[in-house]
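Take a look at the structure set out below.
The values are calculated or read from the model by the stated rules, or taken from the named source; none is laboratory data. Since the structure is predicted, the reported quantities are computational estimates derived from the model, not experimental observations. As a convention, Cβ positions derive from the backbone with ideal geometry for all residues, glycine included, and neighbour counts pool all protein chains shown. Ligands, DNA and RNA are stripped out before the accessible areas are found, and what is left, the full protein with its side chains, is counted by its heavy atoms. Shrake-Rupley method; radii C 1.70, N 1.55, O 1.52, S 1.80 Å.
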Amino acid sequence: MKILHVDQEKCTRCSICAKVCPASFIKMTEEGPQENEFRFCISCGHCVAVCPHRALDNERAPLAQQEPINPSKWDVQAARDFLRSRRSIRRYKQETVPQEKLLQILDIARYAPTGGNGQGLSYLVISDKEKLQQITELTIQWMEQELSSGVPSAAYYRNVVRQYRATGEDMILRGAPHLIVALCDEKFLRGQENAHFSFAYAELFAPTIGIGTCWAGYFQACAFTGYAPLLKVLEIPADKKVAGALMAGYSQYKYHRLVERNPLEVNWL
């Protein structure tokens, strides 16, 4: 069953669609682009999006679902400032974010690039306060086990555990009202890297609708080891695993300036 459809009246045989296809699924013939029987379409949509004449359609990336790009709306300085303004938020208001806004963030996250267009992520949003407190406590318990076992990297957790046990300060989830957990199939090899791309999009978009975010690194470290008590609380299906996590909520404070970073270091060969 063929998935490519060519409007012969519009097609100019420019072959751009075949040249940009990452899987070499498209081959050029005298009749125009055709499917290469030795390759497989990965549904990336490049071929349809790149055609300057709207001559190509692909059932796995339909032309009808693609929106036109308008680069004239983009401003270089605005884009630069926007990217530099991203902050990791570690102080949150105890006000829950409406589901509609969280869905907006995750809807953008699904457009992030993934290896081979594998995608493969689903999301679990945890907003129950007791559940979030359980997650923090269990992550601390896991850290304590790592410390008592003499794991070299666990030294990094010592101050986190000490602070939590002495004051109750939550340095795991930072008191965020929401934890977004990315899940993937147990055997999916690219889950973690795809989640990183996904959450990079999420955290960049979130401030545009007034939401702050921060990577839940301690939680991730615990979950990635398969720590059973934590996974039980998350109620993750047996065929799924944690691929990443992001805290979300309204920031207590507003940042007023763009922060500098180390000087750019580049070598040329």
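In this entry, LYS254 is excluded by the filter for residues that are open to solvent by 70 Å² or more (accessible area, probe 1.4 Å) and either under 18 Å from LYS131 (Cα atoms) or assigned to a strand (DSSP E or B) (or both). Figure legend. Inter-residue proximity from region 119-140: first residues within 19 Å of GLN99 (Cβ to Cβ), second residues open to solvent by 70 Å² or more (accessible area, probe 1.4 Å), beta-carbon distance below 7 Å, spacing 6+ or different chains. Indicated pairs: SER127/THR96. Within region 223-236, no residue that is under 14 Å from GLU186 (Cβ atoms) and not assigned by the TED database to the domain that holds ILE180 sits with its Cβ atom under 6 Å from a residue that is assigned to a loop (DSSP other than H, G, I, E, B) and of a type in the set (Ser, Thr, Tyr) at 6+ positions apart or across chains.
Report yes if LEU189 is modelled with pLDDT under 95 and either in a helix (DSSP H, G or I) or among the aliphatic types (A, V, I, L, M) (or both), otherwise no. Here the answer is yes, as LEU189 does meet what is asked. Which of the residues belonging to region 138-155 are surrounded by fewer than 18 Cβ atoms within 10 Å (Cβ to Cβ) and either of a type in the set (Phe, Trp, Tyr) or not in a helix (DSSP H, G or I) (or both)? Within region 138-155, SER149, GLY150, VAL151 meet the criteria. Considering (1) open to solvent by less than 90 Å² (accessible area, probe 1.4 Å); (2) among the small types (Gly, Ala, Ser); (3) more than 30 Å from ILE172 (Cα to Cα), say which one SER72 fails and leave the rest. Of (1) open to solvent by less than 90 Å² (accessible area, probe 1.4 Å); (2) among the small types (Gly, Ala, Ser); (3) more than 30 Å from ILE172 (Cα to Cα), only one is false for SER72: (1).
One line per residue, one yes/no per condition, for (1) free of Cβ contacts under 8 Å to residues at least 60 places away in the same chain; (2) open to solvent by 40 Å² or more (accessible area, probe 1.4 Å):
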site: TYR157; (1), (2): no, no
site: THR167; (1), (2): yes, yes
site: LEU173; (1), (2): no, no
site: ALA176; (1), (2): no, no
site: SER198; (1), (2): no, no
site: ALA202; (1), (2): no, no
site: TRP215; (1), (2): no, yes
